[in-house]
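I have placed the structure first, in the form of structure tokens, so that the comments after it can refer back to it.
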2 protein chains.
Amino acid sequence: MRNIKMTIEYDGTRYQGWQRLGNTDKTIQGKIENIIKQLTGETIEIIGSGRTDAGTHARNQVANFKTEYTGSLAEMLSFFHKYLPQDIVVKHLEEVPDRFHARYNAKGKTYSYYLWNDPIPSAFKRHYSYHYPETLNLDAMQQAAELLCGTHDFAGFSALKKSKKSTVRTIEAITITREGHELHFTFKGNGFLHKMVRILVGTLVEIGSGQMKIKQIETIFEQKIRSEAGETMPAQGLFLDYVEYE
Amino acid sequence: MRNIKMTIEYDGTRYQGWQRLGNTDKTIQGKIENIIKQLTGETIEIIGSGRTDAGTHARNQVANFKTEYTGSLAEMLSFFHKYLPQDIVVKHLEEVPDRFHARYNAKGKTYSYYLWNDPIPSAFKRHYSYHYPETLNLDAMQQAAELLCGTHDFAGFSALKKSKKSTVRTIEAITITREGHELHFTFKGNGFLHKMVRILVGTLVEIGSGQMKIKQIETIFEQKIRSEAGETMPAQGLFLDYVEYE
């Protein structure tokens with residue numbers, strides 16, 4: 001059996017997210033598995049580095065799958081380009097050792113979130129950002145972002161129900177930059193809980209708008225209560241940029 | 001009667017172009033006229049600076065219309081934001097002298113064209129560029145672009161049937177820059193014939209790929225035969241950027 005690592009870009013607008021559901025036609029994983037079945041005849045499961053929600057995008061999602069297919073990776077890649085819909089692009093294929101597992105071996109991830117921060121909405125960014133028309137205090141957001149960095153229990157910044165799994169994560173870096181009318185957030189860390197990036201952005205936006213004080217960050221870390229943090233920002237502003245492996 | 005000048009951004013992907021046809025729901029002009037009718041009760045015709053083809057986009061299309069509406073421009077603008085589809089955004093409204101005519105008074109236009117110039121297609125640029133995977137000689141294209149600038153009879157670079165109207169136009173500047181995997185062309189001139197920008201890009205691409213020699217530009221100017229020029233590039237790479245007025 002060969003173990004193939006794939007790097008995938010997708011526009012999540014039309015999909016119910018990464019993870020295959022009953023109707024495989026509406027998920028990224030399902031679409032890719034169907035094409036692999038067409039090529040190889042095998043019913044295989046591809047393992048993603050993690051899920052992305054409905055409407056969320058990826059620039060370099062990573063997945064792996066095991067196959068008996070004997071053709072070249074170039075042939076496989078051109079089959080993907082030919083038969084996948086244009087909003088899912090397999091960018092790279094690589095043969096990796098049998099032990100490689102796209103989820104278990106992921107050591108870190110980087111996400112981007114975009115706000116269209118202008119009174120006038122954008123026709124072109126409507127699926128790739130969240131329209132936030134009011135002015136935001138970038139300094140206050142950057143101070144709050146510094147408090148979020150480091151190793152903390154992010155339970156209060158997660159949509160997870162109580163579970164026995166650890167909710168401690170390390171955020172290595174957060175950047176917030178203005179690019180024209182867009183505010184571009186990046187989050188780099190060793191892992192993120194369900195909806196954590198969108199809740200972090202929602203919290204930073206409430207701080208930037210003056211609705212929340214910076215010191216509230218500490219309260220959320222201490223109390224671990226979801227309702228103390230900001231709103232979950234809409235999925236369409238979120239991009240999975242990179243997944244790191246050793 | 002007030003004369004209102006509008007600046008409009010639109011993603012042309014879902015539309016049959018600017019100009020209203022029988023089915024007004026599938027054109028930009030038709031969509032905007034319907035909203036004006038909802039607001040004012042008037043059946044009016046808006047005058048665009050020019051048409052854009054199906055699939056072509058605009059960052060700052062300009063149009064004007066005459067109305068008896070007495071409300072403020074701010075109210076009108078927020079009505080547009082509320083009721084137009086998200087892929088058509090009225091960015092600015094301005095009251096102008098009665099004699100202002102968006103088409104007759106246009107003194108110049110700037111267009112952009114984007115090629116996604118990488119073997120791997122882009123999920124995000126699929127509606128906003130043309131995927132051209134092969135390498136292009138940028139120097140040769142820039143030399144040819146210089147020959148295209150100035151005042152010439154562009155009949156050979158147009159989809160127009162023979163007509164008595166002048167096909168002489170002046171191109172002030174052409175730029176070709178590489179931005180990551182994208183080649184970005186801009187064309188600034190006093191006016192462009194039907195499909196002229198897309199044919200100019202098609203011609204430059206044939207020169208960049210080595211299929212056509214630079215001196216062919218002179219032949220097309222002399223012979224004015226459409227088939228001597230390059231192919232018409234697909235509409236989705238084209239953006240109307242600016243329309244200039246005195």
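The values are calculated or read from the model by the stated rules, or taken from the named source; none is laboratory data. Bear in mind that the values here come from a model prediction, so they are computed numbers and not experimental data. Cβ coordinates were reconstructed from backbone atoms using ideal geometry, including for glycine residues, and neighbour counts include every protein chain displayed. Calculation scope for accessible area: heavy atoms of the full protein, side chains included, ligands and nucleic acids excluded. Shrake-Rupley method; radii C 1.70, N 1.55, O 1.52, S 1.80 Å.
A few notes on this one:
- Scanning the stretch A:1-53 for residues that are open to solvent by 40 Å² or more (accessible area, probe 1.4 Å) and within 14 Å of chain B (Cβ to nearest Cβ) yields a total of 3.
- Selection from the stretch A:100-155 of residues that are of a type in the set (A, V, I, L, M), open to solvent by 20 Å² or more (accessible area, probe 1.4 Å) and more than 21 Å from the chain's Cα centre (by Cα): A:ILE120, A:LEU138, A:LEU147
- Residue tally, condition within 14 Å of chain B (Cβ to nearest Cβ) and among the aliphatic types (A, V, I, L, M), over the stretch A:54-65: 1
- Residues that are farther than 18 Å from B:ASP153 by Cα and part of a helix (DSSP H, G or I), drawn from the stretch B:205-228: B:VAL205, B:GLU206, B:ILE207, B:GLY208
- Taken over the stretch A:138-166, the criterion of being closer than 24 Å to A:LYS107 by Cα and in contact (Cβ under 8 Å) with a residue 40 or more places away in the chain is satisfied by A:ALA145, A:LEU147, A:LEU148, A:HIS152, A:ASP153, A:PHE154, A:ALA155, A:GLY156, A:PHE157, A:SER158, A:ALA159.
- Of all residues making up the stretch A:186-204, the number that are in a helix (DSSP H, G or I) and either open to solvent by 10 Å² or more (accessible area, probe 1.4 Å) or within 17 Å of A:PHE239 (Cβ to Cβ) (or both): 8
- Any hit, the stretch B:56-79, residues being open to solvent by less than 60 Å² (accessible area, probe 1.4 Å) and on the phi > 0 side of the Ramachandran plot: no
- Those strands (runs of 3 or more DSSP E) lying entirely in the stretch B:66-162 with at least 2 residues within 14 Å of another protein chain (Cβ to nearest Cβ): B:88-96, B:108-116
- Residue pairs meeting the criteria (Cβ under 7 Å; at least 6 apart or on separate chains; first under 19 Å from A:THR43 (Cα atoms) and among the aromatic types (Phe, Trp, Tyr), in the stretch A:69-86; second open to solvent by 60 Å² or more (accessible area, probe 1.4 Å) and assigned to a helix (DSSP H, G or I)): A:TYR83/A:GLN38
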